[in-house]
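The values are calculated or read from the model by the stated rules, or taken from the named source; none is laboratory data. These numbers come from a predicted model, not from an experiment. For neighbour counting, all protein chains shown are included, and Cβ atoms are generated from backbone atoms with ideal geometry for every residue, glycine included.
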Amino acid sequence: MKRIYKTAAAQMLPDGTAVVLLDGRRLKTPAKSDFVLPNQDLAEAVAAEWAAQGDEVRPLEMPLTRLCATAIDRVRATPEHAAEEVVRYGDTDLLSYRAEEPAELAARQEKEWQPMLDWFRERYDVQLNVTSGIMAVAQPAELRARLERACSALDPFRLTALHAATAATGSIVLGLALLEGSIDAATAHRLGLLDELFQAERWGEDEEASIRRTSLLEDLQSIQRFLVLLDSSR
């Protein structure tokens, strides 16, 4: 859409939250909700995205704005839906499914993925089961309750970040680890794409796949930055 504003700035409100102003007017979400953010730092980062736009406003170039709008319009209204989508990843978590062959890939998965499952067991007191091949593996009965409890403790913004990270990596374990700062975006990206990166090393790079992986890394980096900005209010 065409840019019709000249300035973008952040303004703190008396309660410690903040808003984004375009030419002095409050920014609204796509659903016309008030674009009220948890703190000044996040509002300034969102305002910077709007200020950086050229003659055309390109939403795909504003990842923080999109994450905030999702939190306000969708997750805040129905947090149980976002939580349920996240919890379902526990049944099919990427890290639970290992290759039978080649042996080099199976060994790399064990080396790279098992420490994350160990972290998850220590953090949430439940061990994800692992299988080889394509057959589904049943997970412990208590897993759902643990994940539901973790999601219920999150505000809409952090639940949005967890949902986005989990969907991007295919793993609730990696999503939670990124949320809690136990891994960074580059590690989540590498572990989430371990199989694909192994194949690229073995058979050569595919340009389209490389572009997609770069885009995914940028998404995860935006999620990590979003979380850092949210934590600045604590």
Notebook entry, point to check: Where in the stretch 114-203 are the helices (runs of 4 or more DSSP H), entirely inside, with at least 1 residues that are under 17 Å from the mean Cα position of the chain (by Cα)?
Noted result: 143-152, 156-169, 172-179, 185-192
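Could you pull out the residue among 110, 100 that is at pLDDT below 95 and farther than 30 Å from residue 29 by Cα? Steps first, please.
Details: 110 fails: at pLDDT below 95.
Residue meeting the stated conditions: 100.
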Item checked: Of the criteria (1) over 20 Å from the mean Cα position of the chain (by Cα); (2) assigned to a loop (DSSP other than H, G, I, E, B); (3) farther than 19 Å from residue 232 by Cβ; (4) not polar (S, T, N, Q), which one residue 77 fails -> (1)
Notebook entry, point to check: among the β-branched types (Val, Ile, Thr), in contact with a strand residue (DSSP E or B) (Cβ under 9 Å, 6 or more places away or on another chain) and in a helix (DSSP H, G or I) - does that describe any residue in the stretch 31-47?
Noted result: yes
Note to self: So residue 15 ticks every box in (1) more than 24 Å from the chain's Cα centre (by Cα); (2) surrounded by 15 or more Cβ atoms within 10 Å (Cβ to Cβ) but one. Which box is left unticked?
What the structure shows: (2)
Note to self: Checking the conditions here, which among 206, 184, 195 is under 30 Å from residue 16 (Cβ atoms), touching a helix residue (DSSP H, G or I) at 6+ places or on another chain (Cβ under 9 Å) and surrounded by fewer than 16 Cβ atoms within 10 Å (Cβ to Cβ)?
What the structure shows: 184
Check: Can you name the residue in the stretch 35-68 that is out of contact with any Lys or Arg (no Cβ under 9 Å at 6 or more places or on another chain) and of a type in the set (Asp, Glu) and is also surrounded by the fewest Cβ atoms within 10 Å (Cβ to Cβ) among such residues?
Finding: 61
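Across the stretch 1-12, what is the total count of residues that are among the hydrophobic types (A, V, I, L, M, F, W, C), touching a helix residue (DSSP H, G or I) at 6+ places or on another chain (Cβ under 9 Å) and surrounded by fewer than 19 Cβ atoms within 10 Å (Cβ to Cβ)? Before the answer, list the steps.
First pass over the stretch 1-12, keeping only residues among the hydrophobic types (A, V, I, L, M, F, W, C): 1, 4, 8-10, 12.
Applying the additional criterion that residues be touching a helix residue (DSSP H, G or I) at 6+ places or on another chain (Cβ under 9 Å) yields 1, 8-10, 12.
Filter again for surrounded by fewer than 19 Cβ atoms within 10 Å (Cβ to Cβ), leaving 1, 9, 12.
So the count comes out to 3.
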Checklist line | Inter-residue pairs, beta-carbon under 8 Å, first within 14 Å of residue 102 (Cβ to Cβ) and in the stretch 194-213, second part of a helix (DSSP H, G or I) and polar (S, T, N, Q), 6+ apart | finding: 194/109; 195/109
